[in-house]
Amino acid sequence: MRGTRLLWRLFPPYLAITLGSLLAVTLHTTRALEENRIAQVKIDLKSRARLIQEQMSLLVEKADYAHVQSVCERLGEASTTRITVILKSGEVVGDSDETPSEMDDHSKRPEVVEALAGRDATQIRFSRTLDREMAYAAIPMWSDTEILGAVRTSVPLTSIEQALWRIYRRIAFGALIVALLSAGVAMFVARRISSPLEQLRDGAQR
């Protein structure tokens, strides 16, 4: 009975320390995975924008906006990416998901502001047009040294979250297995510690 009492004094703290460490590592790992995934998506979006930057610049320079819209629709569907072409004035002249003439002025969108200033930009924010959170990348369109506008690519964060949840489920399953093993190890260690202490105490009492 005494040995049992001592065992249960040692076991919970050891288990708590082990599970606390496991939880900290799991949270750090999932956070790092999320940041890495979002960073990779931003890089991919920039790359997709650069692939069509030159073509869109030529079409915008010619004011061939009907062709701009058809290219946005075709490439957007092929790449499962929303593609938007914005003039320097903020007017949208091409969008793979919406009708450009019905869209608001985009000159104040954070990523567009950066692109119209001549800098590549990425942004995670809520889209009022699509009513969901999106990852954006925008790059400037040039004609020699003059900025004509911006090409913007974007994907919904739901696609990122779905991929991350699949990874999280695997991590959670692995963490559960480790937690059960840790509980077994904690019990074993607590027994190994409590047993000689009980023997010492019994010997002292005798």
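Would you pick out the residues in the stretch 123-136 that are hydroxyl-bearing (Ser, Thr, Tyr) and either in contact with a Gly (Cβ under 6 Å, 6 or more places away or on another chain) or open to solvent by less than 20 Å² (accessible area, probe 1.4 Å) (or both)?
Within the stretch 123-136, Ser127, Tyr136 meet the criteria.
Ile139 - would you say it is under 14 Å from Leu45 (Cα atoms), open to solvent by less than 80 Å² (accessible area, probe 1.4 Å) and modelled with pLDDT under 95?
So Ile139 does not fit the description; no.
Looking only at the stretch 83-101, count how many residues are touching a strand residue (DSSP E or B) at 6+ places or on another chain (Cβ under 7 Å) and not β-branched (Val, Ile, Thr).
Matching residues across the stretch 83-101 total 7.
Give the stretch 149-165 a look and list any residue that's closer than 13 Å to Arg109 by Cα and open to solvent by 30 Å² or more (accessible area, probe 1.4 Å), or say none.
none
So which residues in the stretch 63-86 are of a type in the set (Val, Ile, Thr) and either over 20 Å from Thr122 (Cβ atoms) or part of a strand (DSSP E or B) (or both), if there are any at all?
Val68, Val71, Ile83, Thr84, Val85, Ile86
For Val113, are the conditions met, namely being more than 18 Å from Ser47 (Cα to Cα) and assigned to a helix (DSSP H, G or I)?
Here the answer is yes, as Val113 does meet what is asked.
Could you say whether any residue in the stretch 19-38 is more than 13 Å from Gly94 (Cβ to Cβ) and either assigned to a loop (DSSP other than H, G, I, E, B) or in contact with a strand residue (DSSP E or B) (Cβ under 9 Å, 6 or more places away or on another chain) (or both)?
Within the stretch 19-38 (the criterion being more than 13 Å from Gly94 (Cβ to Cβ) and either assigned to a loop (DSSP other than H, G, I, E, B) or in contact with a strand residue (DSSP E or B) (Cβ under 9 Å, 6 or more places away or on another chain) (or both)), the answer is yes, since at least one residue qualifies.
Check the stretch 109-123 and report whether any residue there is closer than 13 Å to Val155 by Cα, touching a residue at least 60 places away in the same chain (Cβ under 8 Å) and among the hydroxyl-bearing types (Ser, Thr, Tyr).
Checked the stretch 109-123: at least one residue is closer than 13 Å to Val155 by Cα, touching a residue at least 60 places away in the same chain (Cβ under 8 Å) and among the hydroxyl-bearing types (Ser, Thr, Tyr).
Here is a yes/no grid of residues against (1) more than 23 Å from Pro156 (Cα to Cα); (2) loosely packed, with under 13 Cβ neighbours inside 10 Å; (3) out of contact with any Cys (no Cβ under 9 Å at 6 or more places or on another chain):
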| residue | (1), (2), (3) |
| --- | --- |
| Leu23 | yes, yes, yes |
| Ala39 | no, yes, yes |
| Ile52 | no, no, no |
| Gln55 | yes, no, yes |
| Ala78 | no, yes, yes |
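Please go through (1) in contact (Cβ under 8 Å) with a residue 60 or more places away in the chain; (2) open to solvent by less than 80 Å² (accessible area, probe 1.4 Å) for Ala32 and return the number of the only condition it doesn't satisfy.
(1)
Evaluate the following for Thr18: is it under 29 Å from the mean Cα position of the chain (by Cα) and either without any contact (Cβ under 8 Å) to a residue 24 or more places away in the chain or open to solvent by less than 30 Å² (accessible area, probe 1.4 Å) (or both)?
No, not satisfied.
Give the residue, chosen from Val41, Val60, Val93, that is modelled with pLDDT of 80 or more and not in a helix (DSSP H, G or I).
Result of the check over Val41, Val60, Val93: Val93.
When you go through Asp64, Asp95, Asp104, Asp120 one by one, which is the residue that is touching a helix residue (DSSP H, G or I) at 6+ places or on another chain (Cβ under 7 Å) and open to solvent by 50 Å² or more (accessible area, probe 1.4 Å)?
Of the residues listed, the single one that is touching a helix residue (DSSP H, G or I) at 6+ places or on another chain (Cβ under 7 Å) and open to solvent by 50 Å² or more (accessible area, probe 1.4 Å) is Asp120.
From (1) at negative phi; (2) modelled with pLDDT under 90; (3) open to solvent by 70 Å² or more (accessible area, probe 1.4 Å), pick out the condition that doesn't hold for Glu146.
(2)
The values are calculated or read from the model by the stated rules, or taken from the named source; none is laboratory data. Fair warning: this is a prediction, and the values are worked out from it, not measured in the lab. Using ideal geometry, Cβ is built from the backbone for each residue, glycine included, and neighbour counts are taken over all protein chains shown. Ligands, DNA and RNA are stripped out before the accessible areas are found, and what is left, the full protein with its side chains, is counted by its heavy atoms. Shrake-Rupley method; radii C 1.70, N 1.55, O 1.52, S 1.80 Å.
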